[in-house]
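*Asks:* Please find one structure pasted underneath; my questions will follow.
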Amino acid sequence: MTNRETTGLVQTVLGPVRPEALGPTLTHEHLLIDFLCMFDPPDDPAERHKSFEPLTIENLGWIRYDPFRNRDNLLRLDEESAISEVALYQQAGGGTIVDVTTIGIGRNPAALAHIAQATGLNIVMGAGYYTDAVHPADMTDRSEETLAQEMIADLTTGVGDTGVRAGIIGELGCSWPLTANERKVLRAGARAQQATGAAITIHPGRDETAPREILDVLASAGADLGRVIMGHLDRTIATPETLLDLAASGCYLEYDLFGWETSYYPLSALNMPSDAQRIVFVQQLIEAGYGSRLLLAHDIFGKHAMAKYGGYGYTHVIKNIVPRFREQGIAEATIQAMLVDNPARILAWT
């Protein structure tokens, strides 16, 4: 299928669909992932053995406090478990999930297609690379053009010989500060966007200035910033002025850590906000006129967040956060925009 034939459509792992068919959409999730690159066991010998135990009800609280210190928690490779979790989301009214698992953290096109076939859920898959820490050993030798052509092929003909096509560029992983190879991947992503009309979604480095720097790199390479999703704002920007400055760039603004209620965030000096604080940020952006640019998700990467293991699962935004939006006086039209209209617009290829 040519780019001309997919213009205005959303590319899912089972083929293109019309944007109005998406329904409520989570724009930043992981259905399957190998996230061992983030494994960080404690130095304390009295605690370290817990890092290599399977997740159980006995250690679930310990893992929830710091989900990166347990190895089993960071491996989600079971398709049947993913199908069960997706089924709960569908029963709650969900229609689409964007799986932003990229190269380096276990992207599995065939498995995503199987999950979509088994459930009827729309699944949009990402193209590109995660952070420098998991880049291929020869990444420095790969050219920007080579990387761009790889992303374009994933989007237009499918990944390898699977025939399964990506529908979005990213999440493109960025560290703080940006590495040379991450800058190269961003520039390649901009090229792929120009060639296909697909949106770009970003995993920014953990610094308040990181999102703006990333947008500058993308813009200099010709990207349309109005077709860029800046993710993880929850754990990245705590200053309202910085947030509004980013919003003025025209990018989409994603609060994708709903459900993470532990303020301790081992990867940054920034405290993780609660859902109540996330809602305040969302309200501020709505009041400033950016309701048409807001996106919502959970970024579920660990078993600890899955319903099967006592977590909040993919239903949390729909079942718990939407009612809280209503309680806070957010208009139904704005809620519809964040869950349905905005995702449909950004996911449709231009």
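*Asks:* With respect to G226, determine if the residue is in a helix (DSSP H, G or I) and over 30 Å from R76 (Cα atoms).
*Replies:* So G226 fits the description; yes.
*Asks:* For P54, work out the one condition from (1) assigned to a loop (DSSP other than H, G, I, E, B); (2) crowded, with 20+ Cβ neighbours inside 10 Å; (3) in contact with an Asp or Glu (Cβ under 6 Å, 6 or more places away or on another chain); (4) at negative phi it doesn't fulfil.
*Replies:* (2)
*Asks:* What is the one condition in (1) over 24 Å from Y130 (Cα atoms); (2) buried (at least 17 other Cβ atoms within 10 Å of the Cβ) that R48 does not satisfy?
*Replies:* (2)
*Asks:* Quick check: is even one residue across region 180-192 assigned to a helix (DSSP H, G or I), surrounded by fewer than 22 Cβ atoms within 10 Å (Cβ to Cβ) and touching a residue at least 60 places away in the same chain (Cβ under 8 Å)?
*Replies:* No, that holds for no residue.
*Asks:* Suppose we keep only residues that are closer than 24 Å to L9 by Cα and of a type in the set (S, T, N, Q) within region 193-230. Which one would you say is surrounded by the fewest Cβ atoms within 10 Å (Cβ to Cβ)? Walk me through it before giving the result.
*Replies:* Looking only at region 193-230, we keep the residues that are closer than 24 Å to L9 by Cα, and these are 193-202, 218, 222-230.
Among the residues that remain, those that are also of a type in the set (S, T, N, Q) are: 193-194, 196, 201.
Details: Q193: 28, Q194: 15, T196: 23, T201: 29.
Per the stated criteria, the residue is Q194.
*Asks:* From A111, A148, A127, A118, which residue is surrounded by fewer than 17 Cβ atoms within 10 Å (Cβ to Cβ) and either over 19 Å from the mean Cα position of the chain (by Cα) or of a type in the set (A, V, I, L, M) (or both)?
*Replies:* A118
*Asks:* Also, I was wondering about something else. Kindly indicate whether I152 is among the hydrophobic types (A, V, I, L, M, F, W, C), within 16 Å of P204 (Cα to Cα), modelled with pLDDT of 95 or more and not in a loop (DSSP other than H, G, I, E, B).
*Replies:* The answer is no for I152.
*Asks:* Then there is this: Among the residues in region 69-88, are any more than 30 Å from G160 (Cα to Cα), buried (at least 17 other Cβ atoms within 10 Å of the Cβ) and of a type in the set (D, E, K, R)?
*Replies:* So far as region 69-88 goes, yes, one or more of its residues are more than 30 Å from G160 (Cα to Cα), buried (at least 17 other Cβ atoms within 10 Å of the Cβ) and of a type in the set (D, E, K, R).
Yes or no, residue by residue, for (1) over 19 Å from the mean Cα position of the chain (by Cα); (2) of a type in the set (S, T, N, Q):
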site	(1), (2)
E144	yes, no
S175	no, yes
E182	no, no
I200	no, no
R206	no, no
P211	no, no
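*Asks:* Another question about this same structure. Name the one entry in T12, T7 that is surrounded by 22 or more Cβ atoms within 10 Å (Cβ to Cβ) and either among the β-branched types (V, I, T) or in contact with a His (Cβ under 8 Å, 6 or more places away or on another chain) (or both).
*Replies:* The match here is T12.
*Asks:* I would also like to ask the following. From G259, G250, which residue is crowded, with 16+ Cβ neighbours inside 10 Å and either modelled with pLDDT under 95 or on the phi > 0 side of the Ramachandran plot (or both)?
*Replies:* Working: G250 fails: crowded, with 16+ Cβ neighbours inside 10 Å.
It is G259.
The values are calculated or read from the model by the stated rules, or taken from the named source; none is laboratory data. Source: prediction; values computed, not measured. A quick note on method: Cβ atoms are made from the backbone with ideal geometry, for glycine too, and the neighbour counts reach across all protein chains shown.
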